[in-house]
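Quick notes on the structure that follows.
Readers should treat all values here as calculations from the given coordinates under stated rules, not as data from a laboratory. Computed from a prediction, not measured in an experiment: that's the story for all the values here.
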Amino acid sequence: MKSIIPIFPLNLVVFPKAKYPLHIFEERYKKMVTDAIHYDEGFGVVSNLENRISEIGCYVKVDEVIKSYDNGSMDIIVKGYDRFKILNKDVTIYGYYEATIIPYFDEESVLVNDINVVKLIDIFKDIVEYSQLSLSDNYWRNLSNTNLKSFKIAEKCGLTLNQQQDLLVLRNENERIEYLMNHFDRLNKYIENTNEVKNLMMNDGYLN
């Protein structure tokens with residue numbers, strides 16, 4: 001990840017290691033994404049909350065081009081890598097933002113509470129089962145293999161955009177786990193309505 005990268009403000013949050021489908025249609029972003037693919041580089045996805053670009057985002061690279069259109073538009077899948085913090089940004093001659101960034105890492109020397117991790121996963125599995133939401137074997141395998149359980153669970157638990165951004169900003173896995181457990185406590189009030197819970201969790205848009 002370079003210290004100066006293109007920035008793509010969107011009404012979504014991409015978590016580290018998450019995959020997300022995007023349809024690229026604006027001329028400035030067609031240029032940005034085409035260059036990223038050509039030079040095998042990435043760009044930063046930042047959430048655009050209430051017309052304000054968040055300073056904490058996630059560096060992504062194009063993982064796959066699903067379809068290219070005659071007008072230069074394309075359907076792509078991006079994969080999240082590391083988080084970053086924007087120090088300053090300017091509009092390029094092509095119309096998209098370019099930002100000076102620094103890495104945004106978790107706090108060092110913080111031991112993850114394994115008991116709470118297991119508890120969170122159990123609660124998540126119960127809600128998934130109760131809401132009759134079908135998650136692929138690939139999703140569960142990725143959840144098992146990742147060290148950042150919070151981000152993987154956050155992909156499929158019905159967080160609002162603001163909540164997703166709150167989680168992205170937290171620099172401690174224990175704090176993120178606690179945040180999600182509190183979210184599931186609030187989600188329990190919907191538990192009588194299976195379809196409502198299912199819709200909340202299905203509309204996150206992340207790929208498995």
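What the table below lists for this structure:
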{"quantity": "Karplus-derived HN-Hα couplings along the stretch 126-134 (A = 6.51, B = -1.76, C = 1.60, θ = phi - 60°), whole Hz, x at Gly and Pro", "calculated": "4, 5, 4, 5, 5, 7, 6, 8, 9"}
{"quantity": "Cα-Cα pairs of the chain separated by more than 23 Å (percent)", "calculated": "47 percent"}
{"quantity": "Quarter of the Cα convex hull surface for the stretch 74-133, i.e. its orientation-mean projected area (nm²)", "calculated": "8.1 nm²"}
{"quantity": "Cα-Cα over 22 Å, subset of LYS61/LYS152; LYS67/LYS156; LYS2/LYS67; LYS119/LYS149", "calculated": "LYS67/LYS156; LYS2/LYS67"}
{"quantity": "Computed [θ] at 222 nm, helices only, for the chain once each DSSP H run of length n ≥ 4 contributes -39500 (n - 2.57)", "calculated": "-11000 deg cm²/dmol"}
{"quantity": "Inverse of mean 1/r across different Cα pairs in the stretch 4-103, Kirkwood, Å", "calculated": "13.4 Å"}
